[in-house]
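What follows is one structure encoded as structure tokens, with my remarks underneath.
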Amino acid sequence: MKQVVMAYFGVQYRSALGRQAAREGLAFLRHAATLADGPRHHDLAFAIDEAGYDTLVWAAYWTDPASFERWQRGEELSRWWNSADRLEGPCGWFYEVAMPEVERFETLFSTVDRPEGVAHLAPSMSGAIREHAYWGSMRDRLPASQFDALRGSGARALPVPGRRVRLGGFENLALIRSGQDWSDTKGQERRLYLQQIEPQLREGMDFLRDGGADVGCLSNRYLVHVDEDFAPVERSYGLSMWRDLGHMERWAESHPTHAEIFGAFMQTVQKLEFQLDLRLYHEVSVVSAACQSFEYLNCHPKTGLLRLA
Ligand code: HEM
């Protein structure tokens, strides 16, 4: 494997009609996943965005860009995506796609037995690693950081508002999916997670969603996974795009909102003497401009990177 594809297809709505249409569209995407060249793994999660719209995000992963591109250009999918129905009606649709080479992403788990996201593409996990538990370890886990400072260029083509907005990439855009699974927690640990850690996490995610621009965060969603019937389950993730890795590092290391999440977690770890059923993971990519694509159809102007207009 040389290069993976992480594709986030989203739908937004704020009416019962919109919800129905969104669910029908997602049923189609799930069907499309079974077609030739479909993704190796996919999952679905829900968030409320900065404008108060309900948003469902279908995250799908491929082991190579060529199969993704064949899938995306396939007749059934392209007819559906390019249909006039996507440009009007009660829903907005978008995709945000990153295709990092293997030197440009890393994924890290607190336990080895339950993969999430891009880890589903790998046959197994490594053992424990040394590159963690210090600020800057994320960068050290990215092979490309050995020869590249991974700085953003600052220059970017701004989106022009419209019904169908396509956007090219941003040099060295940094993307993080940072996940939590509390489904196995019980008793004191469950209380500590839901009453101490999760509220801090939500506050941090709201800050990045609404005020993240000041710290270099271009877009943030705090999503809860949903099952086949769209009912929430006990797994969540924060998904955000940053000007570059340096901005993400500075927020994690020094901003009060991540410090509060980190602090609440450390207190829990100490109280429970390091015996945790809470599972955490993250995947971080630094993506060159040519390996990204974005498209927004009938979306409100604050959606994802559209807000940069
Ligand atoms: C319950 C939720 C979370 C907890 C308990 C948590 C806790 C932690 C901990 C313990 C570390 C240090 C990991 C290590 O190096 O071994 C860390 C690093 C980090 N966290 Fe969080 N975090 C959470 C959510 C998030 C979210 C949602 C984001 C971003 C959207 C985020 C961004 C980061 C980043 C970028 C680092 C790496 C910093 C570096 O290595 O330089 N975290 N977090």
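The table for this structure:
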| item | result |
| --- | --- |
| Filtered residues of the stretch 167-202 (kept if acidic (Asp, Glu) and within 11 Å of the ligand (Cβ to nearest atom)) | 181, 198 |
| Strands (runs of 3 or more DSSP E) completely within the stretch 1-87 that count 3 or more residues being in contact with a helix residue (DSSP H, G or I) (Cβ under 7 Å, 6 or more places away or on another chain) and surrounded by 18 or more Cβ atoms within 10 Å (Cβ to Cβ) | 5-13, 54-62 |
| Within the stretch 101-144, tally of residues that are away from the ligand (no atom under 11 Å from the Cβ), outside any loop (DSSP other than H, G, I, E, B) and out of contact with any Leu (no Cβ under 8 Å at 6 or more places or on another chain) | 9 |
| Verdict on residue 240 being modelled with pLDDT of 95 or more and either near the ligand (Cβ under 8 Å from one of its atoms) or of a type in the set (Lys, Arg) (or both) | yes |
| Residue 94 being in contact (Cβ under 8 Å) with a residue 24 or more places away in the chain, out of contact with any Leu (no Cβ under 7 Å at 6 or more places or on another chain) and surrounded by 12 or more Cβ atoms within 10 Å (Cβ to Cβ) | no |
| Any hit, the stretch 152-160, residues being within 16 Å of the ligand (Cβ to nearest atom) and among the aliphatic types (A, V, I, L, M) | no |
| Criterion (surrounded by fewer than 18 Cβ atoms within 10 Å (Cβ to Cβ), farther than 24 Å from residue 160 by Cβ and touching a strand residue (DSSP E or B) at 6+ places or on another chain (Cβ under 8 Å)) met by exactly one of 224, 284 | 224 |
| The one condition in (1) more than 12 Å from the ligand (Cβ to nearest atom); (2) touching a residue at least 12 places away in the same chain (Cβ under 8 Å) that residue 229 fails to fulfil | (2) |
| Where residue 236 falls short, out of the listed (1) touching a Ser or Thr at 6+ places or on another chain (Cβ under 9 Å); (2) closer than 22 Å to residue 132 by Cβ; (3) buried (at least 22 other Cβ atoms within 10 Å of the Cβ) | (1) |
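The rows are residues; the columns are (1) part of a loop (DSSP other than H, G, I, E, B); (2) of a type outside the set (Ser, Thr, Tyr); (3) in contact with an Asp or Glu (Cβ under 8 Å, 6 or more places away or on another chain); (4) in contact (Cβ under 8 Å) with a residue 40 or more places away in the chain.
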residue: 241; (1), (2), (3), (4): no, yes, yes, yes
residue: 248; (1), (2), (3), (4): no, yes, no, yes
residue: 258; (1), (2), (3), (4): no, yes, no, yes
residue: 266; (1), (2), (3), (4): no, yes, no, no
residue: 270; (1), (2), (3), (4): no, yes, no, no
residue: 284; (1), (2), (3), (4): no, yes, yes, yes
residue: 295; (1), (2), (3), (4): no, yes, no, yes
residue: 299; (1), (2), (3), (4): yes, yes, no, yes
residue: 306; (1), (2), (3), (4): no, yes, no, yes
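The values are calculated or read from the model by the stated rules, or taken from the named source; none is laboratory data. If you're wondering where the values come from, they're calculated on a predicted model, not measured in any experiment. Neighbour counts run over all protein chains shown; Cβ positions are idealised from the backbone, glycine included.
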